[in-house]
Amino acid sequence: MKFNYCKINPDTATKKELEKEINRLNHLMHDYDNTQMALKIFINSAYGAIGNQYFQCYNPDVAEAVTLQGQDMIKYAKAHVNKYFKDYWHKDKKLHDKIGITVIGKVLNDVVIYGDTDSCLGSTLININDDIKLRVDLLWKEFSKLNGFTIDSFGHEIVDNPEFDVLNYTEDNEIKQVPVSKIIRHKVTKAKWKLKTKLGKEITITNDHSLIVFRNGEKLEVKPQEIEKTDKILVIKGI
């Protein structure tokens, strides 16, 4: 295998040279990580300030635009990463040579296996259909036994293709049964919000996730801290 990104030849380098190069690459990795974290904190701070009603430049529409732009970037990146690996990866011999691998065939399936997603507590009841509701932690437990699970670099425990449907509110304003592609279990240390409707239904979420509400006849996507007592949250009647 070639090591084009190293400044030394690992096959001929001394132990001291290897240790120095490893140390350099570790510092480089942390520099990049600090850069992306600084950008993330800056963007989150912009959202937090603009979405604060006591801020002089408070504007919920601009705050919402920040989160929507983030969602759009994630979707854009996912689409283009999948397109590259499906349409171009098998032909990118220059890159193959650079990283010292041989690629024979095309990639047929999507390569992006995880993106930012709203989370729920393990005790949350999932509507499988009109008659059946099951706790999400029990669903993960049962399907992890049947299908096994993988752990990604963030420590998320992922069960792929659990083969059941859930009710979902679509972009066409319809409620449909749609297949679940993954069940992901992970720890959360962020502060949580509990919202309760007049009908007694409850949901607990972190403040970086959104809810669809209806306010003055308009459908809005808002953060938990932006919920007003008069907002109506979409629920499924009789479930």
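For region 74-90, give me each residue that is farther than 11 Å from VAL111 by Cβ and either in contact with a helix residue (DSSP H, G or I) (Cβ under 7 Å, 6 or more places away or on another chain) or at pLDDT below 90 (or both). The answer is ILE74, LYS75, TYR76, ALA77, ALA79.
With the structure loaded, tell me whether GLY51 is within 30 Å of ILE227 (Cβ to Cβ), touching a Lys or Arg at 6+ places or on another chain (Cβ under 8 Å) and at pLDDT below 85 or whether it fails that test. Yes; evaluated as a whole, the condition is true for this residue. Among residues belonging to region 159-208 that are out of contact with any strand residue (DSSP E or B) (no Cβ under 9 Å at 6 or more places or on another chain) and within 23 Å of GLN69 (Cα to Cα), point out the one that is surrounded by the most Cβ atoms within 10 Å (Cβ to Cβ). My answer is ASP208.
Exactly one residue out of GLY105, GLY100 is on the phi > 0 side of the Ramachandran plot and surrounded by fewer than 13 Cβ atoms within 10 Å (Cβ to Cβ): that is GLY100.
Scanning region 7-19 for residues that are part of a loop (DSSP other than H, G, I, E, B), under 30 Å from GLU228 (Cβ atoms) and at pLDDT below 80 turns up nothing. Condition (residue is closer than 30 Å to VAL180 by Cα and under 23 Å from the mean Cα position of the chain (by Cα)) applied to region 87-95: is it met by at least one residue? No - not one qualifying residue is present in region 87-95.
The values are calculated or read from the model by the stated rules, or taken from the named source; none is laboratory data. Only a predicted model underlies this, so the values are computations on that prediction, with no experimental measurement involved. Backbone-built Cβ (ideal geometry, glycine too); neighbour counts: all protein chains shown.
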